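Contents: one structure, followed by commentary.
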Amino acid sequence: MRYPYELTFIVRNDPSDEVINNAIGQVQSWVEANSMGQVTKVDRWGRRRLAYELDKQREGYYVCLTAEMDPANLAELERNLKLSPSILRYLLIRTDRN
């Protein structure tokens, strides 16, 4: 059974938009891999200044992704997010949308 989730993550700031787009596409492919889930909305918040320095970065590119996912496969998604060098931080929460 799939539930609605919100995944907000910060991509390492890069002058090239292509690198940022590739990182966002990679996260989308992780969500949709092996019929794990389906991305319903991608909301790009853009470049923002971080509250404190993360991995020698003062700015990051914020993205909020809404998806329907199976909870059994969340561990694999979180593992990929933690190991990705282009993702500074992420927050995955289950939303209760009726």
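The values are calculated or read from the model by the stated rules, or taken from the named source; none is laboratory data. It should be emphasised that the depicted structure is a prediction, and the values quoted were computed from it without experimental measurement. Quick reminder, even Gly has a Cβ in these numbers, built from the backbone with ideal geometry, and neighbours come from all protein chains shown.
Residues that are aliphatic (A, V, I, L, M) and within 16 Å of residue 68 (Cβ to Cβ) within segment 4-31 comprise 7, 27, 31, listed in sequence order.
A residue that is aromatic (Phe, Trp, Tyr) and under 20 Å from residue 29 (Cβ atoms) occurs nowhere in segment 42-56. Scanning segment 52-66 for residues that are under 13 Å from residue 86 (Cα atoms) and of a type in the set (Ser, Thr, Tyr), which turns out surrounded by the fewest Cβ atoms within 10 Å (Cβ to Cβ)? Only one residue fits best here, namely 62. Once segment 35-51 is narrowed to residues that are closer than 14 Å to residue 4 by Cβ and among the β-branched types (Val, Ile, Thr), the residue that is surrounded by the fewest Cβ atoms within 10 Å (Cβ to Cβ) is 40.
Would you point out the residue of segment 1-20, among those that are crowded, with 16+ Cβ neighbours inside 10 Å and touching a Pro at 6+ places or on another chain (Cβ under 9 Å), that is modelled with the lowest pLDDT? Once the filter is applied, the top-ranked residue is 12.
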